[in-house]
C-alpha cells in the first residue's frame, strides 16, 4: 500500500462523483455526488500528507473541508426542501421554466 | 512537527469583524428596528465603515494569522472595489425590496457576509483560506438568489446556481489537493520558493493550475462554465443579480491574478492555454448568444460573459501591463454594469415580472434622464469613446498586442463590433420606438437611486475622458507584486 493506491482510489471516487453529477437527475443524488467529490479530495489530502510529505497539514485541512461540506449540505438541503414545495418534484430535467 | 502559536494580529481582520458583527446584529434586530430605512441604513453604514478602515491599511502590508492573510495594496484596491459594489447593491436592494413584503434583516446580513467572503478571498495568501472565503461568499449568494422562495423562477435559479457552485467548489478543492501534492503546502507564495529550489512535481502543479482556473471560471461565469449565469441572473431578485454579476467576479479575478502570477513561471504553457481558451470562447459565445436575447436581464447576463472574455485577456501578461489593465477594466465594469442593472431595477419596479427589451420602447419620452443614463452605460459597455468602457478595452488590447497575442485582439475587436448590435438595440428601442403603455409611469420615490445612477453615468464619462488618475493608483498598487 503506497501513495499510488490512495491516489488512484481518490481519483476514482472523484470521477464517480463527477459522473454522478453529470448523469443523474435527482437533486439529492446530485448533492450526494458533490459530497463524494469533496470526500475524495479529503482522501487525497491525507494520502499526500502521509506519504509525500512528513507534515500533518493535509490531515488538518480535512477537518476544515468537512466543516465546509457540512455547511454546504445544510444550505443545499434547505434549498431542496423549498424547491420541493414549489415544484413537487426533485427531477432537475423537469425544473426548466427559465429558458433562452 | 513543530507547533507555532499563531500570530493572529487582529488588526488585519478588523473590517471583516465589523461586517460580521453588524450582519449578526441585523439578524437579531430585524423585527425590532422599525420597517423602513433603518436596516439598509445599518448595512450601508457597515460597508462604508469597513470601506473607510481598509484604506488606512494602505502601504503597510499588514499580515495576520501567520501571513495567511496579507493586506497589501493589491488586496486593498480590490476590496475597495468590492465594497463599492456592495454599497450600490444595498442601495438598489432597498428600492427593490420596498415593493415586496420580506424580512429585510436576513437579506442585508447575507450581503454583508458575502462581502466578508470576498474580502477573505482577496486578502488570502493560502489556497485553503481562499477556498473558505469562496464558500462564505457562495453560501450567502445561494440563499440570496433564492430569497423569494414563493417564486418558481427564483427557486429554479438558486438550485442551478447551488448545484453548479458546489460542483465548482469541488473542482477548486481538487486543484488545491493537487497543489498540496505538488508542493507540500498550500501557500501561493510557496510556488516561487519551490521554483527556485526546483522542488516540485510539475505534472501535479499543471493539473492544479488548470483545476483552479476551472473552479474560478465558474465564479466569473466564463465559457465553458457559464451555463448557470443567464438563468440565475434572470431568476434571482434583480438587486441580487446586480451584485452577483459584478462582485464575485472582482474577487475571483483577484485570486486568478495571484495564482497566475505565482504559477506561470513554472507552468506557463498550461495556464496561458487555459486562459486563452476561456477568453476566446467567452467572447465569441457570449456576444453571439446575446444577439438573440429578448429579455433585458438575460441580455445583460450574456454581455457579462462576453465582458469576462475581454478581461481574461489581461491575465495573459499579468506581470507586465496586463494586471493594471485588468484592474482598470474591472473598476470601470462596476460603473457601467451596476448602472445598467440599476436602470433595470427602476423599470422592473412597475411591472414585477420578466423585463423584455421591447418593454422599454419609447421610454425616453417619459423618463429622459433614466434613458440617457442607460444609453451612457450601454455605449460604455460597447466600448465607444468618450466613455470609460473604451479605455478599459483599449488598455486590455494594448497589453495583449505588446505580449504578442495579436490574433486574440483581432477576435476581440470583431466581437466588439458584434456587441454593438445588441447594446445599441436597447438605445434604439428606448428612443426610436413607439411608446408602449407598459412602463410609461414609474411609480414611487426613486430619488436616491436616480442620484446614484447619475453619479455612475457621470463617472463613466469622466473616466472615459481622463482615465489617467485611476491608472496611476492601480500601477502604484501593483508595484509591490
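Every number in this text was worked out from the coordinates using simple rules, so none of it is lab data. Predicted, not measured: the structure shown is a model, and the values here were computed from it. Ideal geometry is used to build each Cβ from the backbone, glycine not excepted, and the neighbour counts take in all protein chains shown.
Report the FRET efficiency, 1/(1 + (r/R0)^6), for residue A:9 and residue A:54, where r is their Cβ-Cβ distance and R0 is 22 Å, rounded to 0.05. Between residue A:9 and residue A:54 the formula returns 0.50. Centre-to-centre, using Cα atoms only, segment B:53-84 and segment B:133-188 are separated by 24 Å.
Length gained on full extension, residue B:366 to residue B:291: 24.3 nm, using 0.36 nm per residue less the C-alpha separation. Per residue, the convex hull around the alpha carbon atoms of the protein assembly as shown comes to 140 Å³. Geometric descriptor of segment B:248-364, per residue, is 102 Å³ (volume of the convex hull of the Cα atoms). With a 10 Å cut-off around each Cβ of B:182-189, the average count of Cβ atoms from other chains is 3. Listing B:156, B:402, B:321 from fewest to most neighbouring C-beta atoms within 10 Å gives B:402, B:321, B:156.
Principal axis extents of the C-alpha atoms in segment A:1-66 (largest first, rounded to whole Å): 42, 24, 12. Here, P(r) means the percent of Cα pairs in each 5 Å bin from 0 to the largest distance; for segment B:222-273 it is 4, 17, 19, 20, 15, 11, 9, 5, 1. Working value for chain B: equivalent-ellipsoid semi-axes of 35, 27, 20 Å, each the square root of 5 times a Cα gyration tensor eigenvalue, largest first. Extending 7 Å from Cα along the Cβ direction at residue B:476 and again at residue A:66 yields two label points whose distance is 4.9 nm.
Ratio of Rg to Rh for segment B:313-438, alpha carbon only, Kirkwood?
On the way: Rg = 16.9 Å, Rh = 15.7 Å.
Reported Rg/Rh (Cα atoms, Kirkwood Rh): 1.07.
As a check on your grasp of the helix formula, calculate [θ] at 222 nm for chain B: sum -39500 (n - 2.57) over DSSP H runs of n ≥ 4, divide by the residue count, round to the nearest 500. Mind showing how you got there, number by number?
Values: 18 runs with 357 residues, N = 481.
Value at 222 nm, helices only: -25500 deg cm²/dmol.
Relative contact order, percent, of segment A:3-94 when contacts are C-alpha pairs under 8 Å separated by at least 6 residues?
30
Here each label is just a point 7 Å from Cα along the line to Cβ, and for residue B:99 and residue B:417 those points are 4.0 nm apart.
Using a cutoff of 8 angstrom between alpha carbon atoms and counting only pairs six or more residues apart, the relative contact order for chain B works out to 14 percent.
Projecting label points 7 angstrom from Cα along Cα→Cβ for residue A:24 and residue B:48 puts them 4.9 nm apart.
In the calculated pair-distance distribution of segment B:70-167, the portion above 24 angstrom amounts to 28 percent of the Cα-Cα pairs. A straight line joining the Cα centroids of segment B:189-238 and segment B:262-297 runs 12 Å.
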